[in-house]
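Chemist: One structure, pasted below without further comment.
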Amino acid sequence: MELKNAVAVVTGANRGLGRHLAAQLVGRGAKVYGAARRLETVDVPGVIPLRLDVTDEGSIREAARVASDATLLINNAGISTGATLIGGDVVDVRREMETNFFGPLAATRAFAPVIEGNGGGAVLNVLSALSWFHPADLGSYAASKAAAWALSDASREELAPRGITVSALHVGYMDTDMAAAVPADQKVAAADVAAQAMYGIEAGLPEILADETSRYVKQSLSAAHRPNAD
């Protein structure tokens, strides 16, 4: 997909990776709607603020009505509560699933006919290496990202006949507020991840592995839970 003159909607565009995605899209000549719950928090130069709460289907439908010229949807908004699946508060588990899975699902359902009507385009889902690796202490987040990975794969097949490609962006730790407690040498720059996302969208890649962690975890999938030879 050519990003110059594309019309992008980026959820969670007011901070972290979303800000970098929005800014780089503007730099490549795209028209960009920066979506967030509060319009005043979107202050990226050249970006059009768009009210969108990924947990509110009514606001998603209204955003799709306003951004009726969209050809690219980036499902970036997400949360991490740190809840475990067994001992954690089920309210937090539900919040993560509502934000990280049902939010992108609702946005994709709302914007797919818009993108198709504008001649086709793309959807990018921002996922994680934890789509594949599921440590207990991040069980809720990992479960929501695993579900979003399934969403990416299934919707890719469903939307292809409608002229819409679907890419999944996987990354370990980024230098954002969500990973503030992680040592700096274990994190990659959000701007670098955004640049790889730009390339992946243009190339129509089904999966974009943005760092060594995501590449290692993906490569290790076939070796996981292998029974002992003896």
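The values are calculated or read from the model by the stated rules, or taken from the named source; none is laboratory data. Remember, it's a predicted structure, so these values are computed and weren't measured experimentally. We place every Cβ from the backbone using ideal geometry, glycine too, and count neighbours over all the protein chains shown. Just so you know, the surface numbers come from the protein's heavy atoms only, side chains and all, with ligands and any DNA or RNA stripped out. Shrake-Rupley method; radii C 1.70, N 1.55, O 1.52, S 1.80 Å.
Chemist: Farther than 18 Å from ARG109 by Cα and either open to solvent by less than 20 Å² (accessible area, probe 1.4 Å) or of a type in the set (Gly, Ala, Ser) (or both): which single residue out of VAL26, VAL47 fits that description? Reasoning before the result, please.
Modeler: Details: VAL26 fails: either open to solvent by less than 20 Å² (accessible area, probe 1.4 Å) or of a type in the set (Gly, Ala, Ser) (or both).
On inspection, the qualifying residue turns out to be VAL47.
Chemist: Then there is this: Looking only at the range 189-218, which residues are assigned to a loop (DSSP other than H, G, I, E, B), open to solvent by 20 Å² or more (accessible area, probe 1.4 Å), touching a helix residue (DSSP H, G or I) at 6+ places or on another chain (Cβ under 7 Å) and at pLDDT below 95?
Modeler: none
Chemist: Which of (1) within 16 Å of the chain's Cα centre (by Cα); (2) surrounded by fewer than 24 Cβ atoms within 10 Å (Cβ to Cβ); (3) touching a residue at least 24 places away in the same chain (Cβ under 8 Å) is the odd one out, the single condition ASP53 does not satisfy?
Modeler: For ASP53, the failing item is (3).
Chemist: Counting only residues that are free of Cβ contacts under 8 Å to residues at least 40 places away in the same chain and within 17 Å of the chain's Cα centre (by Cα), how many does the range 131-151 have?
Modeler: 5
Chemist: Just checking, how many residues over the range 151-173 are surrounded by fewer than 19 Cβ atoms within 10 Å (Cβ to Cβ), under 13 Å from GLY204 (Cα atoms) and among the aliphatic types (A, V, I, L, M)?
Modeler: 1
Chemist: Please determine, by comparing only the residues of the range 4-23 that are in a loop (DSSP other than H, G, I, E, B) and open to solvent by less than 10 Å² (accessible area, probe 1.4 Å), which one is farthest from ALA191 (Cα to Cα).
Modeler: ALA6
Chemist: Let me ask something else. Out of (1) touching a residue at least 12 places away in the same chain (Cβ under 8 Å); (2) within 26 Å of PRO206 (Cβ to Cβ); (3) surrounded by fewer than 17 Cβ atoms within 10 Å (Cβ to Cβ), what's the single condition that is false for ARG109?
Modeler: (1)
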